[in-house]
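Trainee: Structure incoming, see below.
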Amino acid sequence: MRIAIVSDAWRPQINGVVTTLENTVQTAQELGHRVELISSAGLRSIACPSYPEIRLALRPARAVRRRLQQFAPEAIHIATEGPLGLAARSYCLGRRLAFTSSFHSQFPDYVQQRWGIPTSVGYAYLRWFHAPAARTLVGTSTVRADLQARGFTHLAPWSRGVDTALFRPDAQARRAAGARWPRPIMLYAGRVAVEKNLEAFLRLALPGTKLIVGDGPALGELRRRYPEATFLGYQFGSALARQLAGADVFVFPSRTDTFGIVMLEALASGLPVAAFPVQGPRDVVQPGRTGVLHEDLAAAIRGAIELDPAPCRAFAQTHTWERCTRAFIGHLASTAAPAVMVPTAGVKLPPSREMESFRVQ
């Protein structure tokens, strides 16, 4: 099948959306499909406010139209709700082409935390954006239930995977980490930003070492306020795998992630997870077996440290990228050509001028 994926998030960004798409594209190609990834690469763009790693394409409609017409996909998937996603959405609706979309992040919650815009505005936009999609793919049942309660429809499951050959227990890494830092070693890996709720972890008075792997707009401030923590910056590939394998517990303080792929990477490394009992962790962590979920994060950390790493590894091994990609392709196949014509009657445009400003002209 010829698959076009349109995403505002792509390399060199480092986040769960990019990790998901990279592995999905690679696995789909290994399964014999042709995939065209349309990103902002090569287009005029500006940095996304407060998230400069994301480049927002400027007036991308013509470029998106040209790429889609040249590739002639049998299935179109719109991964993000930014300028490229809007351009692809407009292209499909204008030609009565079916498409699928996916929900990757709590965008309205991030906007509310950073700029004070009510979440109701963000969710109104997202409902409008995803309404005409044949299916909107979501990572977990908790997110699906939350979106259904907010008026989203035609939601379908699309889980995530992990490379268990890269992320695995490593006795040598444990010895090296133990020689370098006092145990227990409590590790967080991910973007260092306000929506990750890192201060809930950093302000805890706990024995041992707090390691922060990652970068982001809050790094300078958090490094200044919490000098007792060790900030390692971004780690990639085998370097990240060694950091995970050397720790004692993975701490995931976010309350807004829709999945949290890094939790699977930690579990594959034999690392139990300590987190709040919220969406994302509730669907990834098996309480008392692969981690501890508790409103008292310190209690969750102390409990998770005591858990056996073997069930963590076993759980992660059930989440392969091939399995996830086959599910993804199955959803797209239901809309693929020649049955690509879908009625657009009844697709409601945003009810306000604020929402109207998101339309691609």
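Trainee: Give segment 256-291 a look and list any residue that's within 17 Å of the chain's Cα centre (by Cα), more than 23 Å from residue 240 (Cβ to Cβ) and not polar (S, T, N, Q), or say none.
Mentor: Selection gives 278, 282.
Trainee: To continue, here is another question. Condition test on residue 62, is it modelled with pLDDT of 95 or more and over 27 Å from residue 333 (Cβ atoms)? Outline the logic, then answer.
Mentor: On the way: modelled with pLDDT of 95 or more: yes; over 27 Å from residue 333 (Cβ atoms): yes.
When the stated conditions are applied, residue 62 passes them.
Trainee: Right, next: So which residues in segment 216-235 are within 26 Å of residue 168 (Cα to Cα) and touching a residue at least 60 places away in the same chain (Cβ under 8 Å)?
Mentor: Hit for segment 216-235 is 234, nothing else.
Trainee: Please name all residue pairs, on different chains or six or more residues apart, with Cβ atoms under 8 Å, provided the first residue is in segment 325-337 and is open to solvent by less than 40 Å² (accessible area, probe 1.4 Å) and the second residue is part of a helix (DSSP H, G or I) and not acidic (Asp, Glu).
Mentor: Every condition considered, the pairs that remain are 325/23; 325/24; 325/27; 325/28; 328/24; 328/28; 329/28.
Trainee: Need the failing condition index for residue 58 against (1) over 27 Å from residue 280 (Cα atoms); (2) in contact with a Pro (Cβ under 9 Å, 6 or more places away or on another chain); (3) open to solvent by less than 50 Å² (accessible area, probe 1.4 Å); (4) hydrophobic (A, V, I, L, M, F, W, C), just the number.
Mentor: Unmet for residue 58, out of (1) over 27 Å from residue 280 (Cα atoms); (2) in contact with a Pro (Cβ under 9 Å, 6 or more places away or on another chain); (3) open to solvent by less than 50 Å² (accessible area, probe 1.4 Å); (4) hydrophobic (A, V, I, L, M, F, W, C): (3).
Trainee: Please work out which one of (1) open to solvent by less than 20 Å² (accessible area, probe 1.4 Å); (2) over 19 Å from the mean Cα position of the chain (by Cα); (3) in contact (Cβ under 8 Å) with a residue 60 or more places away in the chain is the condition residue 238 fails and give its number.
Mentor: (1)
Trainee: List the number of the failed condition for residue 303; all other conditions in (1) of a type outside the set (Ser, Thr, Tyr); (2) in contact (Cβ under 8 Å) with a residue 40 or more places away in the chain; (3) more than 30 Å from residue 134 (Cα to Cα) hold.
Mentor: (2)
Trainee: Then there's this: Considering only segment 93-148, state which residues are more than 29 Å from residue 285 (Cα to Cα) and β-branched (Val, Ile, Thr).
Mentor: 117, 121
Trainee: Can you list the helices (runs of 4 or more DSSP H) found entirely within segment 271-321 that contain at least 1 residues being under 19 Å from residue 161 (Cα atoms) and open to solvent by 50 Å² or more (accessible area, probe 1.4 Å)? Steps first, please.
Mentor: Numbers: elements: 281-284, 297-305, 309-316.
The qualifying helices (runs of 4 or more DSSP H) are 281-284, 309-316.
Trainee: So which residues in segment 61-97 are of a type in the set (D, E, K, R) and either open to solvent by less than 10 Å² (accessible area, probe 1.4 Å) or under 18 Å from residue 39 (Cβ atoms) (or both)? Explain how you work it out, then say what you get.
Mentor: Let us first name the residues in segment 61-97 that are of a type in the set (D, E, K, R), namely 62, 65-67, 74, 81, 89, 95-96.
The answer is 62, 65, 66, 67, 81, 89.
Trainee: Find the residue count for segment 134-161, including only residues that are closer than 25 Å to residue 303 by Cα and touching a Ser or Thr at 6+ places or on another chain (Cβ under 8 Å). Give the derivation first.
Mentor: Going through segment 134-161, the residues closer than 25 Å to residue 303 by Cα turn out to be 140, 142.
If we keep only those that are touching a Ser or Thr at 6+ places or on another chain (Cβ under 8 Å) too, we end up with 140.
The total comes to 1.
Trainee: Quick check: anything in segment 235-251 of a type in the set (Ser, Thr, Tyr) and not in a helix (DSSP H, G or I)? Don't jump to the end; show me each part of the working.
Mentor: First, pick out the residues of segment 235-251 that are of a type in the set (Ser, Thr, Tyr): 238.
In the following step, the residues that additionally are not in a helix (DSSP H, G or I) were identified as none.
Looking for residues that are of a type in the set (Ser, Thr, Tyr) and not in a helix (DSSP H, G or I), one finds none in segment 235-251, hence no.
Trainee: Within segment 36-46, identify whether any single residue is buried (at least 20 other Cβ atoms within 10 Å of the Cβ) and not in a loop (DSSP other than H, G, I, E, B), and answer yes or no.
Mentor: Within segment 36-46, the subset buried (at least 20 other Cβ atoms within 10 Å of the Cβ) is 38-40.
Filter again for not in a loop (DSSP other than H, G, I, E, B), leaving 38.
Among the residues of segment 36-46, at least one is buried (at least 20 other Cβ atoms within 10 Å of the Cβ) and not in a loop (DSSP other than H, G, I, E, B), which makes the answer yes.
Trainee: For segment 136-155, does any single residue satisfy the condition of being within 24 Å of residue 14 (Cβ to Cβ), touching a Leu at 6+ places or on another chain (Cβ under 7 Å) and at pLDDT 95 or above?
Mentor: Initially, segment 136-155 is screened for residues within 24 Å of residue 14 (Cβ to Cβ), giving 137-140, 143.
After this cut, where a residue has to be touching a Leu at 6+ places or on another chain (Cβ under 7 Å) as well, the list is 138.
With the extra rule that they be at pLDDT 95 or above, the set shrinks to 138.
Yes.
The values are calculated or read from the model by the stated rules, or taken from the named source; none is laboratory data. Everything quoted here is computed from the prediction, not taken from an experiment. Quick reminder, even Gly has a Cβ in these numbers, built from the backbone with ideal geometry, and neighbours come from all protein chains shown. For the accessible areas, the whole protein counts, side chains as well, though only heavy atoms, and no ligand, DNA or RNA atoms are used. Shrake-Rupley method; radii C 1.70, N 1.55, O 1.52, S 1.80 Å.
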